[in-house]
Amino acid sequence: MDILNHILSALPLIFSIDVIIAMIIGTAVGITVGALPGLSATMGIAVLIPLTFSMEPLVALGMVAGIYNGAMYGGSIPAILLRIPGTPAGIATVFDGYPMAQKGQAPLALKISLISSAIGSAVSAIALLALAPPLAAIALKFSPADYFWLALFGMTTIAVLLSSNPVKGLLSTCLGLVVGIVGIDAMTGAERFAFGSMDLLSGINIIVLLTGLFAIPPAIDLAVQHLSQQKEAPIDNKKARIRWRPFIPVWIKSSIMGVVIGIIPALGGNIAAVLAWNEQRRSDPDNDQYGKGEPKGVAAPECANNADTAATLIPALTLGIPGSAVAAVILGALLVHGLRPGPQLFRDDPEIVFGFMLTMFVTAILMFVIGRVGARAFVHVLKAPTMLLAPMIIALAVVGIYSIHNSMFEVWLMLFFGLLGYGMERLNIPTAPAVLAVILGPMAEESLRRALLISGGSFDYLVQSWISWIIIAMTAMTLIVPMWKRFRRLKPSRGDQE
């Protein structure tokens, strides 16, 4: 009953003029960003966050929701027309989308993609509304010791699962931990790693780090590498008749897969899309047509990768553990507006958090409307010169960061993190664990010290709760399973050498 009351109280807020305009602009920008190869929802939101600093929280979050949902659909436009996934989650859409475009069925493929994306996003938003509050209620029972292990589990999970090399993931996490402790110690007031600089006493702004790691490297990539020039696929503008009833089981199955995969940390929309496409091909009796322009081969991955969007935010909003890089950036947006992710968010700011979850649903509808009106118009954005786009992104990032505190020091710091992020990507070191460590590191430290204060310095307090033991077991499994798999791969090779 409380959930329903919170939803009803949030409804008038999201249908205010400011929030509606923000959602429309965000969705249009998101589709455009997704349609540009090399850009992503993560980068779009990272660039946007500094510009929303002066906005009301729900206005900013409505725009963030629009960019997130819109970008996931927008990635299918170049995937279908040019065989270039606009976002990593659009990879599976290429398999059947581009062959349909080659047959002159591009408008049909875009229509299937749009409808599937809207359905997936709507189902994901409903799952967020249904699952997040109960999970938050459970999380309110956590003690400081439980929060310490939870933060440790979140950092370990992302570090190990988000990288092909767990060592590189842990290295990125250590970088984030170092960045997170710069400034004044909240419990003792001692100066830490500020090196006598007044600019570092307040710590490193999370937005400076986010913008540097996620907005600057793609811009550098666009400036350094020219995208291959391809001729636009021929488009048959004749309306093709298609029966939508056979798509219903595809949408149901793919939506469920997307939601489940979204809740699991570090998997993401690209994995959801590939698994949904593969499962649809496996279960279809006429599976020989997949990869050759089968419409269901477009519906399955697009529905799944959009069903992943809001579902990824379930652990992020309730436990403060983002399941993907874009969820980590969205947590940064919450922190900028004074909202601390976790169960206390549902207790202290229910109108804002429920309003944000509702904007995820509303922007799914807006995505369908805007996509129907301007899908072909967005394709022309692909013709923007790469060398013109890159400086525009960097300039926008610089203006946004400078506008926060009117500080050139933060601008140079953002550019430094941008170069660092670019180097990390070249070395295949994931940047998401670093961002997560900046968010969860202080939480882990504060919870550990608070737990030790409560227990009078006894470490036994850390393992007294059954919740703590469950989280410890999950953390251990996160570390042991990759090591076991690596051992199993190496074992046959040793036998062959003998």
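We did not get these values from a lab; they are worked out from the coordinates using the rules stated. Predicted model only: the values in this text are computed from it and were never measured. As a convention, Cβ positions derive from the backbone with ideal geometry for all residues, glycine included, and neighbour counts pool all protein chains shown.
Stretching residue 344 away from residue 199 to a fully extended chain increases their span by 49.2 nm, per 0.36 nm per residue minus the current alpha-carbon distance.
In order along segment 471-480, the Karplus-derived 3J(HN,Hα) couplings, from 6.51 cos²θ - 1.76 cosθ + 1.60 at θ = phi - 60°, round to 5, 4, 4, 5, 5, 4, 5, 4, 7, 6 Hz, and Gly and Pro are given as x. In sequence order, segment 424-432 has phi-based couplings of 5, 5, 5, 8, 6, 9, x, 8, 4 Hz under the Karplus curve 6.51 cos²θ - 1.76 cosθ + 1.60, θ = phi - 60°, and Gly or Pro positions carry x.
Remark: the chain projects, on average over all directions, an area of 26.6 nm² (convex hull of Cα atoms). The alpha-carbon positions of segment 158-207 define a convex hull whose volume is 93 Å³ per residue. Legend: calculated FRET efficiency, residue 56 to residue 453, from the Cβ-Cβ distance at R0 = 22 Å, rounded to 0.05, equals 0.05.
Convex hull volume of the Cα atoms of segment 25-127, normalised per residue: 86 Å³. The C-alpha radius of gyration of segment 8-66, expressed as a fraction of 2.2 N^0.38 Å, stands at 1.16. Only lysine pairs 8 or more places apart, or on different chains, with alpha-carbon atoms under 24 angstrom apart are counted in the chain, and they number 25.
Please work out how much length the chain gains when fully extended from residue 465 to residue 487, using 0.36 nm per residue of separation minus the C-alpha to C-alpha distance, in nm with one decimal.
Values: separation 22, 0.36 × 22 = 7.92 nm, distance 3.28 nm.
Working it through step by step, the gained length comes to 4.6 nm.
Using every Cα-Cα pair within segment 103-204, state what percent have a distance larger than 24 Å.
Working: 3109 of 5151 pairs.
Result: 60 percent of Cα pairs exceed 24 Å.
Spin-label model, residue 282 to residue 4: label points 7 Å out along the Cα-to-beta-carbon direction sit 4.0 nm apart.
Between residue 186 and residue 224, residue separation times 0.36 nm minus the direct Cα-Cα distance comes to 9.5 nm.
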